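If you scroll down you'll find the structure; I have some questions about it.
Just so it is clear, none of the values below were taken in a lab; they were calculated from the coordinates. Model, not experiment: these values are computed from the prediction. Here the Cβ is made from the backbone with ideal geometry for all residues, glycine too, and neighbour counts use every protein chain on show.
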Amino acid sequence: MYQTLLGLGVIPAVLGGYFSAIAIVFLGPLLWHYFVSIKANAHYVLRSDFYFFLFAIYYSFVIAVNLVLGTNSAIAQKYVFSLIFCVNLYLIFRMLDVNDKIFMGLVTGSLLLMSAITMYFSIDGFFYLKSLGEASNPESMATYQGFARSYIYAFLIVVCYAKLTSVRLVLYGLAAVSLFLNGARSEFSAVLFIIPIIELYRAKYKLYSVTLAFVLLTWLGANADSIVGVLPESRILQLFDLSDSSSGAAREQLSINAWRTILHNPVLGDFGSYPDGHYAHNILCAWVDFGFLGFAFFSILLMWPALRLSAPGYFFGRKSGDFCLAFAFSVIGILWALTAKAVPDMSIGAALGAYAKYRYGLSYGQAGRT
């Protein structure tokens with residue numbers, strides 16, 4: 001709502017920006033609440049917590065060393081904020097109380113409100129808020145990607161705890177339409193990617209669900225051209241033809257540049273060895289900036305929850321909203337790390353926090369809604 005009123009020129013940029021300032025403000029209270037939880041419960045800290053904070057300490061050390069050595073301060077600053085986002089999201093999802101009806105009501109209301117804003121302010125099939133006054137400053141107004149990021153986080157919290165198939169189907173449709181209009185390809189792809197994963201997990205008869213999903217995907221593949229033909233022009237449609245995507249070509253070149261840097265500096269990498277913003281939009285940027293050790297550490301941290309969750313919990317465990325949220329974030333985090341996002345992206349913090357919450361509930365009987 002704040003971003004909408006700002007974009008319409010109704011209010012000034014009273015928060016002084018979008019994510020960064022707020023992230024710093026919330027870091028202290030979140031850490032305090034986390035330490036209060038530890039003090040109240042000696043069993044609260046898990047190995048998951050230890051590994052995540054070891055990851056944060058390692059990245060902080062690399063950034064600090066490179067700052068002392070005179071690296072590009074703008075790139076270092078972005079990594080500092082990325083790490084703060086990661087820690088904040090880890091703490092939020094680690095301590096998430098989905099049994100609080102007021103909280104779930106607020107998240108659901110926020111999701112519906114963001115959907116309504118996206119649809120109401122769409123022009124010719126694209127979400128658009130005219131930047132007026134202070135909102136014309138990109139440091140004050142959220143980008144479409146920032147809006148989509150907030151949207152998908154709220155969406156995952158709601159949909160992963162929704163028990164009724166009919167409710168989830170409505171949420172899938174709402175999210176797909178909203179993110180299509182928004183134009184955020186990574187988040188739109190994540191929604192389509194996660195639908196069969198959630199539904200297969202929730203399905204009582206998994207073979208039937210797999211067969212139905214296969215038939216549906218076959219039909220969509222056979223009729224893709226017809227479906228695309230009736231849709232309004234959007235950046236999302238570039239997903240169906242990456243060869244015609246200028247962004248796809250640019251990212252391919254950035255990945256080639258990253259490999260070139262890795263081949264010349266395979267062990268230590270070369271922190272900030274590219275113009276500001278010209279990082280590889282995938283996991284290779286972890287190798288470039290944090291060396292092979294950082295890349296290996298991050299890769300293990302990324303894969304570990306998904307592997308631990310997949311076989312026993314996905315197919316044989318009791319249905320759990322906590323499990324669904326942790327697994328959904330884990331697979332989306334992997335998808336984004338391979339195809340779209342810089343490292344460390346805040347989705348990794350959310351995935352690891354949700355995983356730690358699930359493991360804690362599993363071990364000490366404090367799981368959230370099923």
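Amide H to amide H, which residues 5 or more places from S122 or on other chains are under 5 Å from it, using H placed in the peptide plane?
Amide H neighbours of S122: Y128.
Then there is this: How are the Cα pair distances of region 263-370 distributed, in percent, across 10 Å bins from 0?
Result returned by the calculation: 15, 40, 26, 14, 5, 0.
Give me the distance in nm between label points sitting 7 Å out from Cα along the Cα-to-Cβ direction at V45 and N265, one decimal.
That separation, rounded to one decimal, is 3.4 nm.
Here is a further query. Roughly how many nanometres apart are two label points built 7 Å out from the Cα toward the Cβ at F315 and A249?
Here the answer is 4.4 nm between the modelled labels.
Something else about it: Between S60 and F103, take the C-beta separation as r, use R0 = 41 Å, and let me know the FRET efficiency to the nearest 0.05. Mind dumping the intermediate values first?
Details: r = 31 Å, r/R0 = 0.75.
With R0 = 41 Å, the Cβ-Cβ based efficiency is 0.85.
Pop a pseudo-label 7 angstrom from the Cα along the beta-carbon direction at both H33 and F53 and give the gap in nm to one decimal.
1.7 nm
Counting other C-beta atoms within 10 Å, and keeping those with at most 11, which DSSP coil trypsin sites (Lys or Arg not before Pro) do you find in region 283-359?
R318
Apply 1/(1 + (r/R0)^6) to the Cβ-Cβ distance of A116 and V25, taking R0 = 30 Å, and write down the FRET efficiency to the nearest 0.05.
0.60
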